[in-house]
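Right, one structure below, let's go through it.
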Amino acid sequence: LKELEVRQYLLEVIQENEPAYELYLDSGFEVTRSLLCHQLSSRNELVTKKVVLSTAQIIELAEPQWDLFERFWTCPPSWQNSIDSLRAKLDDFILLGVSDEGRIVGYGFIHRRSGDIPQFAISENHRRRGLGSRLMRELVARSNAEPIKVLNIDERDPATHEFLTAQGFTGLVEQFEMLKPLAP
């Protein structure tokens, strides 16, 4: 790692895996945050609520608009859901956008085969209008996978956890993100 000039080692460990957690602590890793994972066991469990009428449309996007998407985040994604991780396998994902009056006000990715949703967000000014529910329904409809998973959402983002629960997702596991700085 030193030869490659790697400056840090970042990992995730399931919180219930105490032997691994203790090993990482003893090896100099520190907990940087807690991450929660959610699962929709069956697409039939997705809660369909009456959606507020809006002129917004769900559209397929050809290219991510990373700078714009980052402005929608409440908390940054975990490493496995990061921009760099998605860029590495972008062809494996479907990218949908929420367009309102010609502007993108939300987006979401879903893995074509696994059904994992690594990123989704609605701009703060457009939340609580049913757009997130519409986006989630469209994302789920684009994958044949079951279960659908949303992994590693920062626990400091209660609005996202409440949204997922309201959509029918249940808790799967809890993880710690751990970091170990490496000496140059």
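The values are calculated or read from the model by the stated rules, or taken from the named source; none is laboratory data. Fair warning: this is a prediction, and the values are worked out from it, not measured in the lab. Backbone-built Cβ (ideal geometry, glycine too); neighbour counts: all protein chains shown. Calculation scope for accessible area: heavy atoms of the full protein, side chains included, ligands and nucleic acids excluded. Shrake-Rupley method; radii C 1.70, N 1.55, O 1.52, S 1.80 Å.
Observations on the model:
- Principal axis dimensions, the chain - Cα atoms, whole angstrom, descending: 54, 31, 30
- When the surface is traced with a 1.4 Å probe over the full set of protein chains, Glu155 keeps roughly 100 Å² accessible.
- For segment 1-68, the solvent-accessible area works out to 74 Å² per residue, with a probe of 1.4 Å and every protein chain left in place.
- Percent accessible area from carbon and sulfur atoms, the chain, protein chains only, probe 1.4 Å: 48 percent
- Angle of helix 158-167 to the longest C-alpha principal axis of the chain, folded into 0 to 90 degrees and rounded to 10: 50°.
- The residue list Cys75, Leu61, Gly28 was ranked by how far each Cα lies along the charge dipole of the chain toward its positive end, using unit charges on Cβ atoms, and Leu61 comes out on top.
- Annotation: extensible slack from Glu3 through Glu155 equals 51.2 nm (criterion: 0.36 nm per residue apart, minus Cα-Cα distance).
- Cα long-axis angle, helix 131-141 against the chain (0 to 90 degrees, to the nearest 10): 80 degrees
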